[in-house]
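A quick write-up on the structure given underneath.
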Amino acid sequence: MHILIVDDCRIKQVLLAGILKDLGHTCDIASDGAEAISALEKNNFSLVLMDCWMKVIDGIEATRIIRSPESKVRNHDIPIVCISSHAVENKVHFCLKAGIQEYLEELSCESVASVISRWA
């Protein structure tokens, strides 16, 4: 799979890219929602792993734009999984309401592999 990582934390970008490589997948990295939208307009991805709490355009707003039929992204129905270590119930609700399919708190090889298997 070709997966888009969207996170403003360089450490999480490197960690996720390494996990995906170990699992046999390729990835591109965007540092915020605006970069993610641009990448999704230009490339085909199988899945988006997106932090919801970023500057510029956060993951919730980026998801709303991705899901909008007026946006220029190639796949409005692409699976989007929120990656965040700050799961607060009301924030999870806002993520799901925006169109994010799943909320992943733990970033391990096993948890990422499990998410990929569910959305592949």
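All of the numbers you see were taken from the coordinates with simple rules; none came from a lab. Keep in mind the model is a prediction, meaning the values are calculated, not measured. No Cβ is skipped: glycine too gets one built from the backbone with ideal geometry, and neighbour counts run over all protein chains shown.
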Return the whole-Å distance between the Cα centroid of the stretch 50-70 and the Cα centroid of the stretch 1-37.
15 Å
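Determine the calculated [θ] at 222 nm for the chain from helices alone, applying -39500 (n - 2.57) to every DSSP H run no shorter than 4 residues and normalising by the residue count; nearest 500 deg cm²/dmol.
Values: 5 runs with 53 residues, N = 120.
The helix-only estimate for the chain comes to -13000 deg cm²/dmol at 222 nm.
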Cα-based convex hull, the stretch 2-119, per residue volume (Å³, whole number):
88 Å³
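What does the charge count around LEU107 come to, taking other residues whose C-beta lies under 11 Å from its C-beta (Lys +1, Arg +1, Asp -1, Glu -1)? Kindly include the intermediate steps, with their values, before the conclusion.
On the way: positive: LYS12; negative: ASP7, ASP51, GLU105, GLU106, GLU110.
Residues close to LEU107 contribute a combined charge of -4.
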Search the structure for amide H atoms under 5 Å from the amide H of ILE57, placed 1.01 Å from N in the peptide plane, and list their residues when 5 or more places away or on another chain.
GLY33, ALA34
Peptides ranked, highest mean first, by Cβ atoms within 10 Å: ranges 110-116, 60-66:
60-66, 110-116
Per GNM of the chain with C-alpha springs under 10 angstrom, the most fluctuating residue out of LEU49, LEU15, LEU40 is LEU15
Residue pairs, from the table LYS55/LYS97; LYS21/LYS72; LYS21/LYS55; LYS72/LYS97, whose Cα atoms sit over 25 Å apart
LYS21/LYS72; LYS21/LYS55
How would ARG74, ARG67 line up from fewest to most surrounding beta-carbon atoms within 10 angstrom?
ARG74, ARG67
For ILE78, residues with placed amide H under 5 Å, excluding near neighbours
none
